[in-house]
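Visitor: Attaching a single structure in structure tokens format; questions to follow.
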Amino acid sequence: RGVQMGIVADASPYGMGAILCVGGVPEEYFGIELTDWDEWVLNTPRWTNVGQQVWESLVQLIALRQWAHRWKGRRVVLTFQGDNTTALAMIASLKSKGPALATIARELALDFAAATYAPDIIQHTPGIMNSSSDALSRRFEPGKNYVIPHILRSCTEVFPQSREPKFWKIWGDW
């Protein structure tokens, strides 16, 4: 039905990472740090496991927006992969419980409603098989000696839009 495009994403208490695969081959990636804005907007503390479900869901939204230009207006088979069932269920249903997760779900719903695409496949990947995106999410972990995963060395690193006010569509113009 079209080009196979997949997002493989993961989050940690310190950051988020995602990989764009085209035809099953990694092409681009990002590894970004959680910010003061993330904490404030989603009212969720970073650097603890308390916000794990929130960060796992947020990284999916960030990745979707980062690479939307790659499938917008094209025929693709879009796959989301991750090791967090809460985030994957949110993508499938576009709803969730709790204020932070509900905010992210509304953002995803707005993106899908305004676009000509939606995920075709939502796939759970066991944590041990999610190692490259996990490594990206831990890039900013204190005391960790970060090394780019071997599989990503020939890929392009990208830098997603900051999550300051203009990122959040549900708030309109600030």
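Visitor: Below 8 Å between Cα atoms, with a sequence gap of 6+, how large is the relative contact order for the range 1-124 in percent?
Guide: 28
Visitor: A follow-up question, please. Placing unit charges on C-beta atoms (Lys and Arg positive, Asp and Glu negative, everything else neutral), compute the dipole magnitude of the range 1-88 about its Cα centre in debye, rounded to 20.
Guide: 640
Visitor: Please compute the per residue accessible area over the range 1-106 with all protein chains in place, 1.4 Å probe, rounded to a whole number of Å².
Guide: 41
Visitor: Another question about this same structure. Of Leu42, Thr85, Met5, which is farthest towards the positive pole of the chain's charge dipole, taken about the Cα centre with +1 and -1 on the beta-carbons of Lys, Arg and Asp, Glu respectively?
Guide: Met5
Visitor: Accessible area of the chain with a 1.4 Å probe: how many percent of it is carbon plus sulfur?
Guide: The C+S portion of the solvent-accessible surface of the chain is 53 percent.
Visitor: Same structure, new question: Going by the alpha-carbon gyration tensor, a ≥ b ≥ c the square roots of its eigenvalues, is the range 32-151 rounded (a/c under 1.5) or, if a/c is not under 1.5, prolate (a/b greater than b/c) versus oblate?
Guide: Oblate shape, in that a/c is at least 1.5 and b/c is the bigger or equal ratio.
Visitor: Please get the size of the charge dipole for the chain, origin at its Cα centre, with Cβ charges of +1 on Lys and Arg and -1 on Asp and Glu, quoted in debye to the nearest 20.
Guide: 460
The values are calculated or read from the model by the stated rules, or taken from the named source; none is laboratory data. Because the structure is predicted, anything quoted here is derived from the model rather than measured. Every residue, glycine as well, gets a Cβ built from its backbone with ideal geometry; the counts of neighbours run over all protein chains shown. Please note that ligands, DNA and RNA were not included when accessible areas were found on the heavy atoms of the full protein model with its side chains. Shrake-Rupley method; radii C 1.70, N 1.55, O 1.52, S 1.80 Å.
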